[in-house]
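Notes to accompany the following structure.
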Amino acid sequence: MEIGYYPGCALHGSSGDYEMSVRACLDVLGVGLRELDDWICCGATAAHSLNSRLACALPARNLAIAERDGLTETLAPCPMCSAQLIKAGQSLARDPELRREMSDVVELPIAGTARVLNLIQVFQQIGYETVAHAAVRRLDDYRPACYYGCLLTRPSETLKFDDCEHPRSMETLLEALGSRPVEWNYKTECCGAGMTMANEATVLELSHKILVNAADHGADCLVVACPMCHVNLDMKQADIQRRYGVGHNLPVYYLSDLIGLALGIDERALGIDRHFVSTKRVQGSGFRVQDSHGTPVQESVPPRHDPRPQALNPEP
């Protein structure tokens, strides 16, 4: 099985660990990824608010490349990218005049027929039973909080994927591999996404609330399928600690990380060792972590029977 692959800017930049994980995992499952030749940025973070034609032209070029190369389905692991590509494709498919205009702009014919998939949809096409059959290790020790964020399921009328308010696709897959996902309240709340540079205070507040809710419901890790969500919930934990005086020390995995572990892939091959919050379990004290400079910080996650975040300097 071979499908197109649109990595987008994040997976070829700050989220290279996500690309390592996706490629290693799908390779074991027999899925070949054919990267779009000469792809460009989809304009996800800013183009739509600046220029509507540019917001269409950027993803349109990538869709035209997929069509030119005979790729009927293309994986875009970043939900921001997949949403932009899907929205552009739908606009192109229903508007002949827009297709003509965009074809002139990108200098390639466009029909609007290329299908764009997120990572969960690729696992669904492979089949959850097939993934479970290929597993060599059960995930019984994991109690993840599956975090979908804003853009995996919304806007629902455009993406038509899972239940936009109460999605279960990640939980169903992980349950098939033996893990015990928790039910919690913040699985589709915003983490601040691209505001991490422009308004860090907002990102820290939103991400802090997500981490608190996950731990309060018994999670010992978060699972995401978005590079921006991973940045905010993993890398920003040290900043959250400094701002709120709470050390969550909650590991954040990509969905492909846990699938890869179940498939027997080494953590380093999945890029897990590149995460900021350590995933190493320490008996009796949760997880041992370092801050963004590699300096050990006080462990504040209690044993697994009580995973709630604790203040770094509790009152006597």
### Query
Considering only the stretch 193-208, how many residues are in contact (Cβ under 8 Å) with a residue 40 or more places away in the chain and closer than 17 Å to Ser14 by Cα?
3
### Message
assigned by TED's automatic domain parsing to the domain that holds His230, of a type in the set (A, V, I, L, M) and at pLDDT 95 or above: is that true of Met102 in this structure?
### Response
no
### Set Asp17, Asp27: member being under 18 Å from Cys229 (Cα atoms), among the acidic types (Asp, Glu), within 20 Å of the chain's Cα centre (by Cα) and part of a helix (DSSP H, G or I)
Asp17
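Need a quick list: helices (runs of 4 or more DSSP H) entirely within the stretch 133-249 having at least 2 residues that are among the hydrophobic types (A, V, I, L, M, F, W, C).
Answer list for the stretch 133-249: 169-176, 200-216, 227-230, 237-244.
Residue-wise test of (1) crowded, with 22+ Cβ neighbours inside 10 Å; (2) over 30 Å from Asp266 (Cα atoms).
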position: Leu85; (1), (2): yes, yes
position: Leu92; (1), (2): yes, yes
position: Pro109; (1), (2): no, yes
position: Thr113; (1), (2): no, yes
position: Glu129; (1), (2): no, no
position: Cys164; (1), (2): no, yes
position: Ala176; (1), (2): no, no
### Task
Out of the residues in the stretch 26-53 that are among the aliphatic types (A, V, I, L, M) and loosely packed, with under 15 Cβ neighbours inside 10 Å, state the one that is nearest to Val131 (Cα to Cα).
Ala46
### Message
On the basis of being under 20 Å from Ile120 (Cα atoms) and either modelled with pLDDT of 95 or more or surrounded by fewer than 19 Cβ atoms within 10 Å (Cβ to Cβ) (or both), does Ile3 make the cut?
### Response
yes
### Summary
Of the residues in the stretch 83-99, those that are part of a helix (DSSP H, G or I) and acidic (Asp, Glu) number 1
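The values are calculated or read from the model by the stated rules, or taken from the named source; none is laboratory data. Predicted model only: the values in this text are computed from it and were never measured. In this analysis, Cβ positions are derived from the backbone assuming ideal geometry, glycine residues included, and neighbour counts consider all displayed protein chains.
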